[in-house]
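Right, one structure below, let's go through it.
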Amino acid sequence: MHFKEQFIRVKEAAATFNSIDATTINGVLLYLAAETEKAVDVLLEENRKDLDRMDTNDPKYDRLTLTEQRIKDIAADIRNVAGLPSPLGKILDQKTMPNGLQISKVTVPLGVIGVIYEARPNVSFDVFALCFKAGNACILKGGSDASFSNTAIISLIKKALQHFGLNEALVELLPPDREATAALLTARNYVDVIIPRGSKSLIDYVAANARIPVIETGAGIVHVYVDETADPAMAAAIVHNSKTRRVSVCNALDCLIIHQQQLVNLSAILAPLVENNVIVYTDEPAYFAVKHSYPEHLLQHSTKDSYGTEFLDYKLAVKTVSGLDEALQHIYENGSKHSESIVSKDANHITRFLNEVDAAAVYANASTAFTDGSQFGLGAEIGISTQKLHARGPMALEEIVSYKWIVKGDGQIRK
């Protein structure tokens with residue numbers, strides 16, 4: 001019952017957004033950014049409590065970790081969101097009908113957004129900032145791994161709301177247990193949409209059990225295809241950055257697809273990965289191409305399970321193909337429609353790849369690490385949608401609003 005009461009408070013708080021002007025919204029965000037920087041020591045202390053409970057070898061450890069620089073970056077992202085134009089009240093379409101009715105299509109908030117996520121405390125900041133800027137209240141359900149961090153973060157956010165005399169129920173943090181998850185997934189009439197952020201298993205669970213609309217985000221099985229015309233040095237840099245910049249995020253590379261004519265350059269392409277101790281799972285042609293150059297303890301034969309796997313770790317699969325058609329087929333069979341890249345000098349190959357690959361973000365001669373709201377100029381992101389209805393790719397302000405039709409008349413009636 002206590003969850004229902006909490007949901008009612010959030011829904012009622014969301015209705016108060018009509019009386020909050022843009023200046024106040026931006027003021028709250030700027031105040032929160034400043035308070036976040038002041039609270040670095042407290043945030044790191046609470047984050048350390050979470051980190052002490054997790055194995056340092058767990059791929060989620062990096063996602064869970066806050067550092068002074070990451071907190072500064074979070075504050076910068078909040079300021080970026082404050083500086084973006086409001087997505088509300090935009091006239092998407094406007095027309096006058098033959099009968100004199102004036103019809104407008106105008107953006108409005110979604111209402112109450114529920115977000116279920118795992119060990120990523122930065123999500124708490126990102127989700128609130130974007131939801132608040134777009135006029136939405138939010139209910140957050142973080143994982144138990146980040147409970148200390150999330151509690152400290154929500155306390156900061158509520159302090160900012162209180163400072164401006166606003167309803168603190170504009171953001172709520174549910175306890176990190178299954179009962180709270182079940183309550184949120186079935187909160188019809190109180191929550192307008194659920195967004196899961198995390199592993200494929202989490203997303204699948206939410207999609208299967210939710211009684212309210214779901215926007216699926218997160219799981220990324222990412223490929224880079226190096227075709228026969230690719231520059232090996234460029235390929236090496238792109239593969240290294242895509243794989244190792246941050247292995248625990250959804251835009252990290254999972255499978256290198258390489259044209260058989262590039263096997264002579266495979267050693268050079270993989271060489272930068274050695275410094276990060278990346279384990280490479282190769283098919284037979286690739287294995288024989290690098291067995292005398294890549295460290296033996298890091299080189300393994302691939303299996304069927306090596307492909308179509310989101311590693312979230314210092315691991316990489318390698319697949320050898322005879323041409324673009326085979327590469328496209330491999331992505332079709334194993335991808336998750338997240339981010340895919342081609343390294344090539346062939347304009348026709350690039351055009352086909354960009355047009356034919358079905359993914360939220362498709363790259364030519366660039367790292368997949370750029371699939372990120374801030375990198376796309378969106379300020380931050382609430383998640384990366386891999387579906388097609390409503391939103392796709394990095395979701396920011398424009399993707400967390402809806403619209404309504406406003407019709408003005410002068411006594412018209414329909415015959």
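The values are calculated or read from the model by the stated rules, or taken from the named source; none is laboratory data. This structure is a prediction, so every number in the text was calculated from the model and none was measured. Don't worry about glycine lacking a Cβ; one is built from the backbone with ideal geometry, like all the others, and counts go over all protein chains shown.
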Residues being in contact (Cβ under 8 Å) with a residue 12 or more places away in the chain and either within 29 Å of R53 (Cβ to Cβ) or assigned by TED's automatic domain parsing to the domain that holds V247 (or both) - total across the range 64-88
13
Regarding the range 87-102, can at least one residue be identified that is closer than 29 Å to T186 by Cβ, out of contact with any helix residue (DSSP H, G or I) (no Cβ under 6 Å at 6 or more places or on another chain), basic (K, R) and surrounded by fewer than 21 Cβ atoms within 10 Å (Cβ to Cβ)?
no
I need the full set of residues from the range 222-249 which are in a loop (DSSP other than H, G, I, E, B) and either at pLDDT 95 or above or outside the structural domain of L273 (by TED's automatic domain parsing) (or both), in order please.
D227, E228, T229, A230, D231
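Table: residues versus (1) in contact with a strand residue (DSSP E or B) (Cβ under 9 Å, 6 or more places away or on another chain); (2) closer than 22 Å to V278 by Cα.
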| residue | (1), (2) |
| --- | --- |
| A327 | yes, no |
| Y332 | no, no |
| I342 | yes, yes |
| V362 | yes, no |
Does F3 satisfy the condition of being modelled with pLDDT under 95, of a type in the set (A, V, I, L, M, F, W, C) and under 20 Å from G142 (Cα atoms)?
yes
Scan of the range 380-415 for residues that are part of a strand (DSSP E or B), hydrophobic (A, V, I, L, M, F, W, C) and closer than 30 Å to M97 by Cα, ordered by number:
V401, W405, I406, V407
Qualifying positions in the range 141-173 - among the aliphatic types (A, V, I, L, M) and either out of contact with any Gly (no Cβ under 8 Å at 6 or more places or on another chain) or within 17 Å of I71 (Cα to Cα) (or both):
A146, A152, I153, I154, L156, I157, A160, L161, L166, A169, L170, V171
Go through the range 182-204 residue by residue and tally those that are more than 20 Å from the chain's Cα centre (by Cα), among the basic types (K, R) and crowded, with 19+ Cβ neighbours inside 10 Å.
0
Taking the range 103-119 on its own, how many of its residues are surrounded by 24 or more Cβ atoms within 10 Å (Cβ to Cβ) and part of a loop (DSSP other than H, G, I, E, B)?
1
For the range 140-155, which residues satisfy the criterion of being at pLDDT below 95 and not in a helix (DSSP H, G or I)?
G142, G143
What's the total number of residues in the range 292-308 that are surrounded by fewer than 18 Cβ atoms within 10 Å (Cβ to Cβ) and either of a type in the set (S, T, N, Q) or touching a residue at least 40 places away in the same chain (Cβ under 8 Å) (or both)?
4
Here are A317, A289: which of them is modelled with pLDDT of 95 or more, touching a helix residue (DSSP H, G or I) at 6+ places or on another chain (Cβ under 8 Å), in a helix (DSSP H, G or I) and small (G, A, S)?
A289
Being in contact with a Phe, Trp or Tyr (Cβ under 9 Å, 6 or more places away or on another chain) and not in a helix (DSSP H, G or I), is that true of even one residue in the range 156-165?
yes
When you look at N167, is it buried (at least 20 other Cβ atoms within 10 Å of the Cβ), over 22 Å from K38 (Cβ atoms) and touching a residue at least 40 places away in the same chain (Cβ under 8 Å), yes or no?
no
